[in-house]
């Protein structure tokens, strides 16, 4: 799987991406809305899971490169929500979109650009009816990206993330939805 935008390449993961992604998820600023930072082992497990998912369902979270210099930027893509999350969230949504880029790539429009390419893939190739995005309620930067994509905040779907410990500040999550304009138009 490979998607391109004017400035980005979203591609399948390579073994060489694991330490690069580990550096990003090991950054406490990047991971400030997660319970903890990630390690090389976490990056390796996540990338292996993403590649398995691509084989099994045909889409996943992908590696992101900047076209201009092939700089590794992080992760962006879509994945089916876990059964646990589907049972927790109102309406039991099926597919989420998400991103996690290194700090040096923030504020330049890369996340919305890559996410729009992924949504176009969802609409035209996969013919999905809806995609959602979830995040900690206080994650204003990700919420802004969701809004730039035309996603709508669904206050009725706010939830306590089951993978975040009870009582933890980051447990309160929000959900944004977007319907397939191709199917409805």
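The values are calculated or read from the model by the stated rules, or taken from the named source; none is laboratory data. These figures come from a predicted structure and were not determined experimentally. Cβ: placed from backbone, ideal geometry, glycine included. Neighbour counts: every protein chain shown.
Do we have any residue at all in the stretch 35-58 that's touching a helix residue (DSSP H, G or I) at 6+ places or on another chain (Cβ under 7 Å), outside any loop (DSSP other than H, G, I, E, B), over 23 Å from residue 7 (Cα atoms) and free of Cβ contacts under 8 Å to residues at least 24 places away in the same chain?
Yes, because at least one residue in the stretch 35-58 is touching a helix residue (DSSP H, G or I) at 6+ places or on another chain (Cβ under 7 Å), outside any loop (DSSP other than H, G, I, E, B), over 23 Å from residue 7 (Cα atoms) and free of Cβ contacts under 8 Å to residues at least 24 places away in the same chain.
Taking only the stretch 94-105 into account, find how many residues are surrounded by 13 or more Cβ atoms within 10 Å (Cβ to Cβ) and either within 16 Å of residue 64 (Cα to Cα) or more than 15 Å from the chain's Cα centre (by Cα) (or both).
Total satisfying the criteria: 7.
For residue 53, work out the one condition from (1) modelled with pLDDT of 95 or more; (2) under 21 Å from residue 161 (Cα atoms) it doesn't fulfil.
Status for residue 53: all satisfied but (2).
Within the stretch 129-161, how many residues turn out to be over 16 Å from the mean Cα position of the chain (by Cα) and assigned to a loop (DSSP other than H, G, I, E, B)?
4
Out of 129, 140, I need the residue that is surrounded by fewer than 19 Cβ atoms within 10 Å (Cβ to Cβ) and under 30 Å from residue 69 (Cα atoms). Which one?
The match here is 140.
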